[in-house]
Amino acid sequence: MKLLEGKTALIFGIANDHSIAWGIAQAMHAQGARMAFSYSSPALERRVRPLAEKVDAVFIEKCDVSRDEEIEAVFARTADELGTIDILVHSIAFANREELMGNFYETSRDGFHLAFDISVYSFIALARAALPLMNQGGSMLTMTANGGERVWPNYNVMGVAKAALEATMRYLAADLGPRDIRVNAISAGPIRTLSAAGVSGFKLMYRHFPSIAPLRRNITIEDVGETAVWLSSDMARSVTGVVLFVDSGFNVLGVPTITDQV
Ligand code: NAP
């Protein structure tokens, strides 16, 4: 018996085959989930459709999460074509490139609002829209980063947005627990994706990460995908309101191991 046999997932945030959401989709497909995808802009359809075919996705539908009418449309289609859902995956973030470099105190008001709307509020909006379709025992997942708890250079407004996203996850977990719907976050270590490329200095951090993290290796979208499978399966039925780290243990470090090699 596969871990997600009989379950249905709606996945937001696949931009290409490097996306964390694609790692999640593949792992969920391998464990028997039926799924549908939503992508952000018409330009992405060309890249997302062939991926959807690989995992037999029932449909793909455009949804810019800053637009309420597009959220409504994707859930109307979900109701028509999937009926109910067991798993909602929110793997979405955005900030203007100029907010992801330099001094945090220079964050603009508009840049702050935009980052929070796309990266935080969207999880509330999707959770609310999903609710009428969610089965008991359902699971909602979002993607966060340790830059929400500690300071990462240049992560700036996105770090503050991740802190708010983690708090959002806990409030949703408290709201939805009585309906037997679980809400959790996965805190992933650095992975080379389109979004990550927008953070100034990311490549350097990625390169040094394996020499610092306790497991001495970078993590992959497959690592995150398999953790997402477990969190969304009945094996994790009593786990809610949790930030689960998939980061080779990086989060436990106060000071990185210092060697005399420079
Ligand atoms: P990604 O492949 O670029 O995925 C980010 C997704 O967000 C893209 O599909 C993007 O679509 C979508 N998005 C942006 N604005 C949107 C909007 N208005 N409406 C709908 N979708 C929108 O990068 P990723 O690294 O997999 O990111 C997924 C999640 O993981 C994010 O929350 C990110 O912060 C988190 N995370 C990433 C890392 C890492 O190192 N990569 C580490 C920890 C956590 P477009 O491409 O069209 O904008």
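The values are calculated or read from the model by the stated rules, or taken from the named source; none is laboratory data. For clarity, every value in this text was computed on a predicted model and none was experimentally measured. Using ideal geometry, Cβ is built from the backbone for each residue, glycine included, and neighbour counts are taken over all protein chains shown.
When residues in segment 8-26 are screened for being surrounded by fewer than 24 Cβ atoms within 10 Å (Cβ to Cβ), more than 10 Å from the ligand (Cβ to nearest atom) and not β-branched (V, I, T), 1 of them pass.
For the criterion of being crowded, with 24+ Cβ neighbours inside 10 Å and hydrophobic (A, V, I, L, M, F, W, C), M140 passes.
Residue by residue, here is whether (1) touching a Lys or Arg at 6+ places or on another chain (Cβ under 7 Å); (2) among the small types (G, A, S); (3) within 14 Å of the ligand (Cβ to nearest atom) holds:
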{"site": "R34", "(1), (2), (3)": "no, no, no"}
{"site": "A79", "(1), (2), (3)": "no, yes, no"}
{"site": "T84", "(1), (2), (3)": "no, no, no"}
{"site": "V89", "(1), (2), (3)": "no, no, yes"}
{"site": "L100", "(1), (2), (3)": "no, no, yes"}
{"site": "T107", "(1), (2), (3)": "no, no, no"}
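When R170, R128, R192, R150 are screened for being in contact with a His (Cβ under 8 Å, 6 or more places away or on another chain) and surrounded by fewer than 21 Cβ atoms within 10 Å (Cβ to Cβ), only R192 passes. Each residue in segment 187-217 was checked for being within 12 Å of the ligand (Cβ to nearest atom) and under 24 Å from S119 (Cα atoms), and 17 pass. Can you pull out the residues in segment 216-262 that are over 23 Å from Q31 (Cα atoms) and assigned to a helix (DSSP H, G or I)? Passing the criteria: F250, N251, V252. Cβ-Cβ distances below 9 Å connect the following pairs, each with a first residue in segment 84-102 that is without any contact (Cβ under 8 Å) to a residue 60 or more places away in the chain, a second residue that is of a type in the set (S, T, N, Q), and a separation of six or more residues or different chains: N96/S108; E98/S108; E99/T107; E99/S108; E99/N156. Checked against (1) crowded, with 20+ Cβ neighbours inside 10 Å; (2) more than 7 Å from the ligand (Cβ to nearest atom), K2 passes all but a single condition, namely (1). For segment 78-105, a tally of residues being farther than 26 Å from L3 by Cα and either among the polar types (S, T, N, Q) or not in a loop (DSSP other than H, G, I, E, B) (or both) returns 7. Listed by first and then second residue, the pairs with beta-carbon distance under 6 Å, at least 6 apart or on different chains, first residue in segment 118-133 and closer than 14 Å to A93 by Cβ, second near the ligand (Cβ under 10 Å from one of its atoms) and in a helix (DSSP H, G or I), are S119/A161; V120/A161; V120/L165.
I11 versus (1) in contact (Cβ under 8 Å) with a residue 60 or more places away in the chain; (2) touching a His at 6+ places or on another chain (Cβ under 6 Å): which is the lone unmet condition? For I11, the exception is condition (2). Scanning segment 218-243 for residues that are within 16 Å of the ligand (Cβ to nearest atom) and of a type in the set (A, V, I, L, M, F, W, C) turns up I219, I221, V224, A228, L231, V242, V243. Within segment 169-183, is even one residue under 13 Å from the mean Cα position of the chain (by Cα), part of a strand (DSSP E or B) and modelled with pLDDT of 95 or more? Checking segment 169-183: at least one residue is under 13 Å from the mean Cα position of the chain (by Cα), part of a strand (DSSP E or B) and modelled with pLDDT of 95 or more.
Only one residue in S66, S38 is within 12 Å of the ligand (Cβ to nearest atom), under 20 Å from S139 (Cα atoms) and among the small types (G, A, S). Which one? After ruling out the rest, the residue left standing is S38.
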